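Written below as structure tokens is the structure these notes are about.
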Amino acid sequence: MADAIRTSGLEKRFGVTRAVDGLDLAVAEGEVHGFLGPNGAGKTTTLRLMLGMLHPDGGEATLLGGDPWRDTVELHSRLAYVPGDVSLWPNLTGGEAIDVLTRLRGGTDPGRRAELLERFDLDPTKKARTYSKGNRQKVALVAGLASDVELYMLDEPTSGLDPLMEAVFKECVTELRERGRTVLLSSHILAEVEALCDRVSIIRQGRLVESGSLADLRHLTRTTIVAETARPATTVATLPGIHAFQTEDGRVRFDVDAEHLDAVVRSLGELGVRSLESHPPTLEQLFLRFYGVEEGERAEGPAAP
Amino acid sequence: MTAATAGTGRLIRFILRRDRVRLPVWILAIGFTVLGSVSSFAATYPTQADRQARAAVLDSGIARLFVGPGYGSDRYTFGAMTANELLPSAAIAVALMSVFLLVRHTRTEEESGRAELVRATVVGRHAPLAAALIVVAAAHVVLFAILALGLPAALEGLSPAGSIAFAAALLGVGLVFEGVAALIAQLTVGARSALGISAVVVGVTYLIRAFGDMTDTFLPWLSPFGWATEMRAYVDERWWPLGVSIAATAVLIAATVAINRRRDVGAGIIADRPGAAEAAPRLRTPAALARRLQRASFLAWLIPVFLLGLLYGSIAQDAASFYEDVDALKDYVARVGAAAPIEQFLALSTFIAALVAVGFAIQSALRLRTEESEHRAEPVLATPVGRSPWMWSHLTIALVGSVAMLVASGLGFGLATAIATGDADALPRLVAASLAYTPALWVFVGVVAALFGAIPRFAGLAWAALGAIVFVGFLGPLLQLPDWMFQVSPLEHVPRMPVADFDVLPELVLTAIAAGLLAIGVVTFRRRDLVG
């Protein structure tokens, strides 16, 4: 399958800050791609580079087969963008703002607009200045989702939405995927990413740290094991790939790197297993590991392989 | 201190801290403008005959809108002049100071949600309101002191009692509009609506006073501005109208407190009117969006510019007669060249109206920067709208709007002059004279465009350029500034019609410069990053 978005060595500097620092990103057509990273990692800068709002300082970027800086207008007729921090014209109503943006993008089906207003429970007759953050976000979402385009670029689109509206948003993205649309979803809501995304890319300090399906990423991290064995399992502690080993009430508890899991389980088996629990890494652990903020991780050096 | 006003003292200190620049600027700007104007009287109208001529000019037509009832016109002393010519406009400034400061510290705080944060601490229900009222009242008292002490010092012949009456008249206006703004800020949810309604009240009550004085009816007594002018400062001081102002303030504040006692934080009494659920069918291009966004401010410039033209036209005939005797204007006359006094007055007034129109041109073009820095350009540019069409959508309004401003001022000027002088030719001649400034205004649009494209964060420097030009234009002759400083201003190169004849060459050069600057702006904007 072709790539909707592909960058290689993409760079953007603001003064001495390297906001995007050699980023290699690939988003396949028709997938919902999660774009993750801590605050200030360069997610929004990347999106703005892809929109032609910023001129790259180096590297290459291809968007829907075109150059995001040169072919801006042509490409924009094939994509919709929902910014993370929505700023609206204070004296236009929400409905007017939606119409302006969708018409500039080439118009929309009135039925689709009405349906989205209904689903997101948005009153379009209010002046934008009276909207709460969540309602401003809804205006941008309705304006973005009402357009029938190939690519949807969503920058933390659910910030400020209540859980009910988040659910509506998830339905909408699922429908887009069923219709074969590409979605690039920058997000911090782990459950949302887990539920929606086919693949994720994690960036940190402007660089790609990891990319792949969630299952792939899970492989790259540690499984937590709690075991009760017939004979004392202290010998396991010396095996390679074991971390945070502790003994409690005759049970052992430790984390094990994915590549050593097999060997560790076999040696446990020789000790006579009475009970065994294994916890796959949670998405939180994945994040913390790749974001590099977990305490123990720092001491052990860089988290990325 | 009761529970309802607990924390008022701390909030007062907090407001003073937040507005440690804003408050002095308001007070000093109004104070020094009044004192500066007063001290210029002696040089401008040295003899009693000069002043009587001035009084006669102001006694005609639309000019009366801008001055007081004219107490003491038969013996127009400096004092009578101060009260008649400065009090009404100073009173508007004082009223607006009340409105802006009070809404800022009441409704704006509530709308932004900051009031909730404050009210959640140990702060009584009325404390934020009380703190705002006290701070603004104190600001008016400071202004009162500056004027009461400063006026006698600024110009010999201004009596201490008259100066106290003048300052007290302004204090009264300030207090009443504090009450007005406090009450209106209780009613609306949006701070902008509160400001808008309050400003309308300021304007309407001012017009009631002005029309009342023009028609010699009881109407001025219905307006706080009338209570100020009826104190007859410097002529025949009366103190009891100040009592009317204070009583009105007390009633307004009592009503405000009564509403504030029952009202939820953040809620209003007047619900925000719902707007259109769908955009008008024509609102589908960047140009239509720009027109919609600039519509209100376009009209807010157009109408005053037209009125300014009317004002100048209505006094043209009389102004010309004393114009030739006034020393301060002779320098200007010398620059323009010899011509009939009325022609000179027409040329000068056309120039001043064009200068005002420059304000529109700059503000309208700077909308580009506002849209960008407020992140509203980004969603538009994320649609298939190119950088150039988006930029031109706003520049077109600045360019075409400049022409509209010049036509409006020329029309107002020409109509009033034609009626006053009975010379129907005045209309086309003055519209043409005004339109001659079109290329000069375009140069200013070009300057904004080039700054916006090349150094967007400093696009506001265009205002500084205008400030420098106004400074050089009006004070340059007095300060004997070198000639090149005048030549920098595009306005200096426009033929001063109707004194001078139309000359196509400078117009073409200015148009070419404007086109060059616009091109630089568009090209540089297309190549740069959007910046917040």
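The values are calculated or read from the model by the stated rules, or taken from the named source; none is laboratory data. Because the structure is predicted, anything quoted here is derived from the model rather than measured. Methodologically, a virtual Cβ is constructed for each residue, glycine included, from the backbone with ideal geometry; neighbour enumeration extends over all protein chains shown.
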Going residue by residue through region B:395-410, is there one that turns out to be within 14 Å of chain A (Cβ to nearest Cβ) and at pLDDT 95 or above? no
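Quick grid of which residues meet (1) among the aromatic types (F, W, Y); (2) surrounded by fewer than 16 Cβ atoms within 10 Å (Cβ to Cβ); (3) under 27 Å from B:R292 (Cα atoms); (4) without any contact (Cβ under 8 Å) to a residue 40 or more places away in the chain:
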position	(1), (2), (3), (4)
A:I98	no, no, yes, no
A:T102	no, no, yes, no
A:G107	no, yes, yes, yes
A:R113	no, no, yes, yes
A:L122	no, no, yes, yes
A:Y131	yes, no, yes, no
A:L151	no, no, no, no
A:E156	no, no, no, no
A:D162	no, yes, no, yes
With criteria (1) in a loop (DSSP other than H, G, I, E, B); (2) crowded, with 22+ Cβ neighbours inside 10 Å, B:A449 comes up short on (1)
How many residues, within region A:46-68, are farther than 24 Å from B:P389 by Cα and in a helix (DSSP H, G or I)? 1
The lone exception for B:G275 - which of (1) crowded, with 16+ Cβ neighbours inside 10 Å; (2) within 14 Å of another protein chain (Cβ to nearest Cβ); (3) modelled with pLDDT of 90 or more it fails: (3)
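Residue-by-condition table, conditions (1) surrounded by 22 or more Cβ atoms within 10 Å (Cβ to Cβ); (2) free of Cβ contacts under 8 Å to residues at least 40 places away in the same chain; (3) within 22 Å of B:A153 (Cβ to Cβ):
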residue: B:V38; (1), (2), (3): yes, no, yes
residue: B:A43; (1), (2), (3): no, no, yes
residue: B:A55; (1), (2), (3): no, yes, no
residue: B:R64; (1), (2), (3): no, no, no
residue: B:Y71; (1), (2), (3): no, no, no
residue: B:T77; (1), (2), (3): no, no, yes
residue: B:A95; (1), (2), (3): yes, no, no
residue: B:E116; (1), (2), (3): no, no, no
residue: B:A132; (1), (2), (3): yes, no, no
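Any idea which of B:W442, B:W463 is modelled with pLDDT under 95 and either within 26 Å of B:S388 (Cα to Cα) or surrounded by 14 or more Cβ atoms within 10 Å (Cβ to Cβ) (or both)?
Working: B:W442 fails: modelled with pLDDT under 95.
It is B:W463.
Going through region A:69-80 one residue at a time, which ones are in a loop (DSSP other than H, G, I, E, B) and within 7 Å of chain B (Cβ to nearest Cβ)? Before you say what the answer is, go through the steps one by one.
To start, the set of residues in region A:69-80 that are in a loop (DSSP other than H, G, I, E, B) comprises A:69-71, A:77-78.
Across region A:69-80, the qualifying residue is only A:S77.
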Checked region A:81-93 for anything more than 7 Å from chain B (Cβ to nearest Cβ) and within 13 Å of A:G144 (Cα to Cα); matches are A:V82, A:G84, A:V86
Does region B:508-519 contain at least one residue that is in a loop (DSSP other than H, G, I, E, B), surrounded by fewer than 22 Cβ atoms within 10 Å (Cβ to Cβ) and assigned by TED's automatic domain parsing to the domain that holds B:S388? no
Suppose we keep only residues that are farther than 29 Å from A:Q205 by Cβ and polar (S, T, N, Q) within region A:45-93. Which one would you say is farthest from the chain's Cα centre (by Cα)? A:N91
Answer with yes or no whether B:A199 is more than 30 Å from A:S132 (Cβ to Cβ) and at pLDDT 85 or above. no
Kindly list the number of the only condition in (1) free of Cβ contacts under 8 Å to residues at least 24 places away in the same chain; (2) over 30 Å from B:L158 (Cα atoms); (3) away from chain A (no Cβ under 14 Å) that fails for B:F218. (2)
Go through (1) surrounded by 18 or more Cβ atoms within 10 Å (Cβ to Cβ); (2) outside the structural domain of B:V380 (by TED's automatic domain parsing) and name the single condition B:I269 misses. (1)
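Based on what the data block shows, is B:G476 touching a helix residue (DSSP H, G or I) at 6+ places or on another chain (Cβ under 8 Å), modelled with pLDDT under 85 and in a helix (DSSP H, G or I)? Show your work before the answer.
Values: touching a helix residue (DSSP H, G or I) at 6+ places or on another chain (Cβ under 8 Å): yes; modelled with pLDDT under 85: yes; in a helix (DSSP H, G or I): yes.
Yes; evaluated as a whole, the condition is true for this residue.
This table checks each residue for (1) among the acidic types (D, E); (2) at pLDDT below 95; (3) more than 22 Å from B:F525 (Cβ to Cβ).
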{"residue": "A:D3", "(1), (2), (3)": "yes, yes, yes"}
{"residue": "A:T17", "(1), (2), (3)": "no, yes, yes"}
{"residue": "A:F35", "(1), (2), (3)": "no, yes, yes"}
{"residue": "A:N39", "(1), (2), (3)": "no, yes, yes"}
{"residue": "A:G42", "(1), (2), (3)": "no, yes, yes"}
{"residue": "A:G52", "(1), (2), (3)": "no, yes, no"}
{"residue": "A:T72", "(1), (2), (3)": "no, yes, no"}
{"residue": "A:S77", "(1), (2), (3)": "no, yes, no"}
{"residue": "A:P90", "(1), (2), (3)": "no, yes, yes"}
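What number of residues within region B:361-376 satisfy the criterion of being in a helix (DSSP H, G or I) and within 13 Å of chain A (Cβ to nearest Cβ)?
Of all residues in region B:361-376, those in a helix (DSSP H, G or I) come to B:361-373.
Keeping just the survivors that are within 13 Å of chain A (Cβ to nearest Cβ) gives B:367, B:370-373.
Of the residues in region B:361-376, 5 are in a helix (DSSP H, G or I) and within 13 Å of chain A (Cβ to nearest Cβ).
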Top-ranked residue in region A:94-151 [being under 30 Å from B:T108 (Cβ atoms), at the interface with another protein chain (Cβ under 10 Å from one of its Cβ atoms) and assigned to a loop (DSSP other than H, G, I, E, B); ranked as nearest to the chain's Cα centre (by Cα)]: A:S132
Would you pick out the residues in region A:65-82 that are buried (at least 21 other Cβ atoms within 10 Å of the Cβ), out of contact with any helix residue (DSSP H, G or I) (no Cβ under 6 Å at 6 or more places or on another chain) and in contact (Cβ under 8 Å) with a residue 24 or more places away in the chain? A:H76, A:L79, A:Y81
Which of the residues spanning region B:377-421 are small (G, A, S), buried (at least 23 other Cβ atoms within 10 Å of the Cβ) and not in a helix (DSSP H, G or I)? B:A382
Reported set for region B:278-289 where residues are at the interface with another protein chain (Cβ under 7 Å from one of its Cβ atoms) and among the basic types (K, R) is B:R284
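Do we find a residue being assigned by TED's automatic domain parsing to the domain that holds B:F345 and within 23 Å of B:E343 (Cα to Cα) anywhere in region B:454-470? Break it down stepwise before answering.
We begin by selecting, within region B:454-470, every residue assigned by TED's automatic domain parsing to the domain that holds B:F345; these are B:454-470.
Pick out the ones that are also within 23 Å of B:E343 (Cα to Cα) and you get B:470.
Scanning region B:454-470 turns up at least one residue that is assigned by TED's automatic domain parsing to the domain that holds B:F345 and within 23 Å of B:E343 (Cα to Cα).
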For region A:228-251, the count of residues that are among the acidic types (D, E) and farther than 17 Å from A:E270 by Cα equals 2
How many residues does region A:5-64 contain that are touching a residue at least 24 places away in the same chain (Cβ under 8 Å) and more than 14 Å from chain B (Cβ to nearest Cβ)? 33
